[in-house]
Amino acid sequence: METGRKIYFDAFVCYTAADAEFVKEMLYNLENIHGLRLCLKERDMVAGGADNVMLAELVKSRYICLTLTNSSSASLNIKYLYNAFHCSGGE
């Protein structure tokens, strides 16, 4: 689907602090072995940035990568980002 958005990342990764260890291992494999460009809030965005900055980075990503665990399924922030991404024309 072509939306006219300028893409900087292959995917924006959404996860909770409880899933950080799993995400760290996943990132290594996806970035170093498979060559994907992933965007993480803690690493690729300005510290202390507001939610609108996070949404701007989210929109620059081709896909969204959600960790689906018990902790993430209860996270309103992850649900919000998921809905915002799809409203922006993401896949």
Exercise. Quick one: residue 31 ticks every box in (1) at pLDDT below 80; (2) acidic (Asp, Glu); (3) surrounded by 10 or more Cβ atoms within 10 Å (Cβ to Cβ); (4) out of contact with any helix residue (DSSP H, G or I) (no Cβ under 9 Å at 6 or more places or on another chain) except a single one, so which number is it?
Key: (1)
Self-check item: When residues of the range 50-77 are limited to those that are farther than 18 Å from residue 17 by Cα and of a type in the set (Gly, Ala, Ser), the one modelled with the lowest pLDDT
Solution: 50
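The values are calculated or read from the model by the stated rules, or taken from the named source; none is laboratory data. The shown structure was predicted, so the numbers you read here are calculated from the model rather than taken from an experiment. Every residue, glycine as well, gets a Cβ built from its backbone with ideal geometry; the counts of neighbours run over all protein chains shown.
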